[in-house]
Amino acid sequence: MARCDLGMPVTHRTALRFIPVIAAVALLATACATPAGGTASPAPTESAATRSPEPTPSATPSPIETQATNEEIGLPSSCDDIFTGELRATLEAELPPLNDPGVTMYSTENAEALTVLESGVPSLRCTWGTPSDRGVATTVSIVSPADAKLITDSLTSSGFAAEEASGGEYFRTSQQTLSMDEQVVELGETHFFRGNAWIATRWVNYGPDSYTPGIVAQLWP
């Protein structure tokens, strides 16, 4: 069987060759109209005694601002908070244990994404499996809009496929390669962004479609 050792960090040598996904951004411009023609009439003299103060407008959150606030989450306190129910039962049956200390695989190989992870953003890292040729590493992080854009731009330029779903945006890539003993190894990454959260997952020879959606459903019930 192919062996992709999860006990050592994966180096960044694999060149991903996919068609980039280009996101278009629409800009809304407003203009002020200037009245045409007309006869100017002198303005009445204002009296300090009779002048009424103008009402102060109150700030009302826009729908976009309200939605952004509702989408934000706090960092989970432990991996038990993100793996529950059927997903937890499946992982315990197919890829135990949770958080084996020997599994040191990163949750991504993307250079920009790793830079953000190593910058000290609030993060929770969880793994499934043992040091072997099969396993998963996931990191849930709280990131700023600037960091999120930096990562998504890098993922797009690296050929990750983008898809809007579950109230956020997924970025996925996968590939097959041959090990030194010419065995097929399947590996890939899935990233999800919503509100202030980023879920990064890297997997080797194990990538069920329900994995990241199960975490999303738990974080945004």
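Of all residues in segment 61-79, those that are open to solvent by less than 50 Å² (accessible area, probe 1.4 Å) have Cβ atoms under 8 Å from Cβ atoms of residues that are among the polar types (S, T, N, Q) and modelled with pLDDT of 50 or more, 6 or more apart or on another chain, in GLU71/ASN196; ILE73/ASN196; CYS79/ASN99.
Of all residues in segment 115-130, those being touching a helix residue (DSSP H, G or I) at 6+ places or on another chain (Cβ under 6 Å) and over 14 Å from THR201 (Cα atoms) number 1. Within segment 66-80, can one find any residue that is modelled with pLDDT of 95 or more, touching a Lys or Arg at 6+ places or on another chain (Cβ under 6 Å) and within 30 Å of PRO131 (Cα to Cα)? No, segment 66-80 contains no residue that is modelled with pLDDT of 95 or more, touching a Lys or Arg at 6+ places or on another chain (Cβ under 6 Å) and within 30 Å of PRO131 (Cα to Cα). In summary, ALA146 fulfils each of the numbered conditions (1) at pLDDT 95 or above; (2) open to solvent by 60 Å² or more (accessible area, probe 1.4 Å); (3) closer than 29 Å to ASP100 by Cβ with the single exception of condition (3). Those strands (runs of 3 or more DSSP E) of segment 130-178 in which at least 3 residues are of a type in the set (A, V, I, L, M, F, W, C), considering only elements entirely within it, cover 135-142, 161-165. Among residues of segment 101-114 being touching a helix residue (DSSP H, G or I) at 6+ places or on another chain (Cβ under 8 Å) and part of a helix (DSSP H, G or I), the one that is surrounded by the most Cβ atoms within 10 Å (Cβ to Cβ) is ALA113. The condition (being of a type outside the set (Asp, Glu), modelled with pLDDT of 95 or more, open to solvent by 30 Å² or more (accessible area, probe 1.4 Å) and touching a helix residue (DSSP H, G or I) at 6+ places or on another chain (Cβ under 9 Å)) is satisfied by just one residue among GLY195, GLY168: GLY195. Tell me, yes or no, whether segment 173-192 has at least one residue that is within 13 Å of the chain's Cα centre (by Cα), closer than 24 Å to THR90 by Cβ and among the small types (Gly, Ala, Ser). Within segment 173-192 (the criterion being within 13 Å of the chain's Cα centre (by Cα), closer than 24 Å to THR90 by Cβ and among the small types (Gly, Ala, Ser)), the answer is no, since none of the residues qualifies.
The values are calculated or read from the model by the stated rules, or taken from the named source; none is laboratory data. Computed from a prediction, not measured in an experiment: that's the story for all the values here. So basically every Cβ, Gly included, is an ideal-geometry build from the backbone, and we count neighbours across all protein chains shown. For accessibility, only protein heavy atoms count, side chains too; no ligands or nucleic acids. Shrake-Rupley method; radii C 1.70, N 1.55, O 1.52, S 1.80 Å.
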